[in-house]
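Below is one structure, written out as structure tokens; the observations come after it.
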Amino acid sequence: MHTFTVLGIETSCDETAAAVVRGGLPGPGEILSNALFSQTEAHAPYGGVVPEIASRAHLEILDGMIEKALADAKIPLEKMDAIAVTAGPGLIGGVMVGLTTAKALALAVGKPLIAVNHLVGHALTARLTDGVAFPFLLLLVSGGHCQLLAVEGPDAFRLYGTTQDDAAGEAYDKVAKLLGLAYPGGPNVEKAAEHGNPKRYALPRPLLGRNSSALKNSADFSFSGLKTAMRQLVLTGGVDVNDACASFQAAVIDILRDRTANALALFQRDFPDVENPTLVVAGGVAANIAIGSALTQLALRHDFQIRIPPPRLCTDNAVMIAWAGLEKLAGGASDPVSIGPRARWPLDPRSMEGMQK
Ligand code: KG4
Ligand code: ZN
């Protein structure tokens, strides 16, 4: 097996990250370093990511992260086989900081530049950690995305469902804000939910049980009705925060389980010959233990294996970008230094509309 060593750079949201990964296809790969600075504190007073603050912070911090990633890996830049960088989708200012830096490094040492789709990074993480073979079913749940896809190759995705409104992580963050919990909301809502009664408040589960042709994709999601119900609940006054979080999380779990069950069936319809089909859960929300165990039970019931990367590889990081770059490089691809940043960049180009916000 031919192995490659790749430096990855990630600056598309509020993590400034650089990492070095080594390996060959189909994985698993070796994480040689994982330098990450989370800008959470800078954005916390605003209850969400402020794009201007993010891009300025990336500019100040990125060089140090790259130095740390190379030093921790004990491999100089000249020894990299390629420089991989997130070129989108994401906050355009941040993406530009990372992309410009990567171009400069690639030119300086005469190595290939690899432009990586951030979502592909999340999607392929389970190949880095477990060497999961193509095709597999992916539930991608993050702050900006909520999608079910068949992953047929590093550049081949078939969309089964996407959110019609909010992403799951976005719903967590908004509910946290409503309840006065600190940003980022996901982990705090999960913690509060552990001490609450999930049956205390009756909340809606939009689209549950629906797989009719009225939906563009029969595994579509919707969270806005749930979010509105949470707002009304809070407005009535006197809510117990733990019970509200537990009731919200129970609704999210029901939605994810129901939509994923549809996608498991679609995957089996499309890939009847795959002997040990695998469900991969990726993206920041995949760090949620309660969601992970509900999906594990679902997968086992349907004879699917399940792979959920460790939490630090579920939330944004540069390891996944280095790995996705490595897969692209192994397939013989690289990008010209003229390549530009993309605020939007869907995984399945056949379904552009409503995919990203
Ligand atoms: O993948 P990610 O780091 O960034 C994006 O690409 O969006 O995902 C961040 C999202 C945030 O909305 C955050 O609240 C959510 O993932 N998140 C969680 C948990 N940890 C992070 N949501 C629920 N439970 C968690 N434990
Ligand atoms: Zn992400």
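I need a count of the residues in the stretch 120-153 that are crowded, with 24+ Cβ neighbours inside 10 Å, more than 29 Å from Leu207 (Cα to Cα) and more than 16 Å from ligand 1 (Cβ to nearest atom). Residues flagged as crowded, with 24+ Cβ neighbours inside 10 Å, more than 29 Å from Leu207 (Cα to Cα) and more than 16 Å from ligand 1 (Cβ to nearest atom) within the stretch 120-153 amount to 1. Taken over the stretch 66-79, the residue count meeting the criterion of being buried (at least 24 other Cβ atoms within 10 Å of the Cβ) and of a type outside the set (Val, Ile, Thr) is 1. Selection of first residues in the stretch 13-36 that are more than 23 Å from Gly144 (Cα to Cα) and of second residues that are aliphatic (A, V, I, L, M) and modelled with pLDDT under 95, restricted to Cβ pairs under 7 Å at least 6 apart or on distinct chains, gives the following pairs, ordered by first then second residue: Gly24/Met1. Among the residues of the stretch 305-332, those identified as out of contact with any strand residue (DSSP E or B) (no Cβ under 8 Å at 6 or more places or on another chain) and within 16 Å of ligand 1 (Cβ to nearest atom) are Pro310, Pro311, Leu313. The residues listed here are Val239, Val285, Val274; of these, the one that is more than 17 Å from Arg158 (Cα to Cα) and more than 16 Å from ligand 2 (Cβ to nearest atom) is Val239.
Considering only residues of the stretch 315-334 that are in a helix (DSSP H, G or I) and not small (Gly, Ala, Ser), which is nearest to Gly94 (Cα to Cα)? Across the stretch 315-334, the extreme among qualifying residues is Ile321. The one condition from (1) open to solvent by less than 40 Å² (accessible area, probe 1.4 Å); (2) assigned to a helix (DSSP H, G or I) that Gln297 does not meet is (1). Please determine whether any residue of the stretch 256-263 is in contact with a helix residue (DSSP H, G or I) (Cβ under 8 Å, 6 or more places away or on another chain) and surrounded by fewer than 22 Cβ atoms within 10 Å (Cβ to Cβ). The answer is yes, given that some residue of the stretch 256-263 is in contact with a helix residue (DSSP H, G or I) (Cβ under 8 Å, 6 or more places away or on another chain) and surrounded by fewer than 22 Cβ atoms within 10 Å (Cβ to Cβ).
Among the residues making up the stretch 90-103, those that are open to solvent by 10 Å² or more (accessible area, probe 1.4 Å) and in contact (Cβ under 8 Å) with a residue 12 or more places away in the chain are Gly90, Leu91, Ile92, Gly93, Met96, Val97, Thr101, Lys103.
The residue that is most open to solvent (accessible area, probe 1.4 Å), counting only those in the stretch 31-63 that are out of contact with any helix residue (DSSP H, G or I) (no Cβ under 9 Å at 6 or more places or on another chain) and farther than 18 Å from Asp316 by Cα, is Glu60.
Could you tell me whether the stretch 231-241 includes any residue that is crowded, with 22+ Cβ neighbours inside 10 Å and touching a Lys or Arg at 6+ places or on another chain (Cβ under 8 Å)? No - not one qualifying residue is present in the stretch 231-241.
In the stretch 300-314, the residue that is farthest from Val120 (Cα to Cα) out of those that are more than 18 Å from the chain's Cα centre (by Cα) and in a helix (DSSP H, G or I) is Arg301. The sole residue among Asn211, Asn188 that is at pLDDT 95 or above and either open to solvent by 30 Å² or more (accessible area, probe 1.4 Å) or outside the structural domain of Leu140 (by TED's automatic domain parsing) (or both) is Asn188. In the condition set (1) within 16 Å of ligand 1 (Cβ to nearest atom); (2) free of Cβ contacts under 8 Å to residues at least 12 places away in the same chain; (3) part of a loop (DSSP other than H, G, I, E, B), Ser338 is compliant with all but (1). Take Ala106 and decide whether it is in contact with a helix residue (DSSP H, G or I) (Cβ under 8 Å, 6 or more places away or on another chain), in contact (Cβ under 8 Å) with a residue 12 or more places away in the chain and open to solvent by less than 20 Å² (accessible area, probe 1.4 Å). The answer is no for Ala106. Among the residues of this structure, Ala126 counts as one that is more than 18 Å from Glu15 (Cβ to Cβ) and in a helix (DSSP H, G or I). Among the small types (Gly, Ala, Ser), assigned to a helix (DSSP H, G or I) and in the same structural domain as Ile53 (by TED's automatic domain parsing), is that true of Ala87? Taking the combined requirement at face value, the residue does not satisfy it.
The values are calculated or read from the model by the stated rules, or taken from the named source; none is laboratory data. Computed from a predicted model, the values in this text were never measured in an experiment. Backbone-built Cβ (ideal geometry, glycine too); neighbour counts: all protein chains shown. For the accessible areas, the whole protein counts, side chains as well, though only heavy atoms, and no ligand, DNA or RNA atoms are used. Shrake-Rupley method; radii C 1.70, N 1.55, O 1.52, S 1.80 Å.
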